[in-house]
Structures are given as structure tokens and as C-alpha cells.
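Enquirer: Structure provided below as C-alpha cells; questions to follow.
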Amino acid sequence: MDIANVFEILSQGKIISSNSKKYSEYTRHLMDEEVFDEFYDAASTLGYILHGEGGYFYLSKKGQMNKDEMEAYIAKHTDAILAISILRQLRPQIDRGSFIVYTDLIHEYKMQEKEDSSIANRLNMLVSGKGNVDLKSAFDALFDRLRKFDLIERIGNNDQDKYKVLDAIDYYIKIIELSEPNSRESK
């Protein structure tokens, strides 16, 4: 494992969680202070900043994003933010390191859907353009997005239902909280 391998992953806009089995070798590498500092310096010369906080690592561009970069960023991360907002509405206490069970989340949705149609609307946004979508397809799309952005990880190969919430979820939760009206009023 060398800095080039780590840079290749991070430069794709991925966030590496320290509690991920998939990226355990990368995080062991980045948690070494000397390696982190070396990587930070190398990334800096390329115009990036390496961040390592809250159990996750990511790269950001030095300086302000221009309008096109901001629009590209938002377009790329919209599904992740939407998926997490659904997850947080169904499970407000969700946090990194916690577990979610696919079938339990569907059950929770069925309990809440009568009182709040906004969850159904957001689920439909994840599968928009696919016509009339059933509940299983909508939840499959939700879990696909969460996996795609490395926000959840299946616990084991034999258990297709249980997932661990990865540290990177905090990155998106911070973005969501900044956009919520209550968080702006309290600052």
C-alpha cells in the first residue's frame, strides 16, 4: 500500500471510513501520523487538502469551488444526501457504528408513512423515471445509494439484511444539518 493507491481512491471523491472492512488497509495506512503528514504534503502540492476527522478521510480542493464545480459536487452527492435524509427521518438516532436492518427499516417506514408522506416522496425521488415503483424497489434503491457512497456496509456475506453504518455518514449529516432551517436559527 502506498500513497498513490490511497490518492487514487480519494481523488475519485470517495470518503474512506475507518470502520469499513473494505478500506481497512487504507485507513491503517492513513492513521499512521507520518504517512498522513506525507500524504497531506503530497496532496497539497497537487492542489488538495487531505482531511482526517471523525473516523473518515477525504480530499477537498484548496480554495473556493467555482460555480461549475459547486454544481457538479451537488449533482454527484444529491442521492447520498437524499438517502441519508430518508434514513434519518426513519431512524433519527442513526449514527456511525450503529446497525440497520433492511426489513426493520421497511417496517419503520410502514409505521410512519400514514403520518408523513414526505418519506414516500423522497423515496420516489431516488427511483424517479422508473414509473410506478413498489416499496421493495424503492428500498433497494435507498440501500444501493447508501452502499454506493460507502455509507453502509453489509455485516457478513451470509446476512443479506444487516448493515453497519460507516463513519463517513457524519460528513453528510453535517451537510444536512447545515441546510436545515432549525440549525441556521440556532447559530
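Enquirer: Which sequence of 40, 26 reflects their accessible areas, 1.4 Å probe, from the largest down?
Expert: Details: 40 90, 26 45 Å².
Largest to smallest exposure gives the sequence 40, 26.
Enquirer: With unit charges on the beta carbon (Lys/Arg positive, Asp/Glu negative), name the residue among 36, 50, 11 whose Cα is farthest towards the positive pole of the charge dipole of the range 3-61.
Expert: 11
Enquirer: If you take the Cα Rg of the chain and divide it by 2.2 N^0.38 Å, with N the number of residues, what do you get?
Expert: Its radius of gyration relative to the 2.2 N^0.38 Å reference: 1.11.
Enquirer: Can you tell me the dipole magnitude for the range 53-114 around its Cα centre, using point charges on the Cβ only (Lys, Arg +1; Asp, Glu -1), in Debye to the nearest 20?
Expert: 60
Enquirer: Counting Lys +1, Arg +1, Asp -1, Glu -1, what net charge surrounds residue 103 among other residues with beta carbon under 12 Å of its beta carbon?
Expert: Numbers: positive: 110, 136, 162; negative: 104, 108, 159, 161.
Net charge around residue 103: -1.
Enquirer: Give the calculated FRET efficiency between residue 113 and residue 41 to the nearest 0.05, with a Förster radius of 45 Å applied to their Cβ-Cβ distance. Could you put the intermediate results ahead of the total?
Expert: Numbers: r = 51 Å, r/R0 = 1.13.
Calculated value: 0.30.
Enquirer: For the range 3-61, with equal point scatterers placed on the C-alpha atoms only and solvent neglected, what are the log10 I(q)/I(0) values from the Debye formula at q = 0.14, 0.15, 0.17, 0.28 1/Å, to two decimals?
Expert: -0.30, -0.35, -0.45, -1.33
Enquirer: So, one more: Could you give the dipole magnitude of the range 3-61 about its Cα centre, charging the beta-carbon of Lys and Arg +1 and that of Asp and Glu -1, in debye to the nearest 20?
Expert: Approximately 420 debye in magnitude.
Enquirer: Highest mean first, what order results for 47-57, 163-173, 73-83 on Cβ atoms within 10 Å?
Expert: Result, highest mean Cβ count within 10 Å first: 163-173, 47-57, 73-83.
Enquirer: May I ask you to compute the full-extension gain from residue 64 to residue 89, defined as 0.36 nm times their residue separation minus their alpha-carbon distance, rounded to one decimal in nm?
Expert: Working it through step by step, the gained length comes to 5.8 nm.
Enquirer: Among the lysines, which fall within straight-line cross-link reach of residue 22, defined as a Cα-Cα distance under 22 Å, with same-chain neighbours fewer than 8 residues apart omitted?
Expert: Straight-line reach from residue 22, under 22 Å: 14, 76, 148, 162, 164.
Enquirer: With unit charges on the beta carbons (Lys and Arg positive, Asp and Glu negative) and the dipole taken about the Cα centre of the range 76-120, which residue among 100, 78, 120 sits farthest to the positive side?
Expert: About the Cα centre, the residue reaching furthest to the positive side is 78.
Enquirer: How much FRET efficiency would the formula 1/(1 + (r/R0)^6) give for residue 177 and residue 98, where r is the Cβ-Cβ distance and R0 is 25 Å, rounded to 0.05? The partial results should precede the final answer.
Expert: Numbers: r = 17 Å, r/R0 = 0.69.
For residue 177 and residue 98, the calculated efficiency is 0.90.
The values are calculated or read from the model by the stated rules, or taken from the named source; none is laboratory data. Remember, predicted model here, so these are calculated numbers, not experimental data. Note: ideal-geometry Cβ built from the backbone for every residue, glycine included; neighbour counts use all protein chains shown. When the accessible area is computed, the model is the full protein with side chains, heavy atoms only, and any ligands, DNA or RNA have been set aside. Shrake-Rupley method; radii C 1.70, N 1.55, O 1.52, S 1.80 Å.
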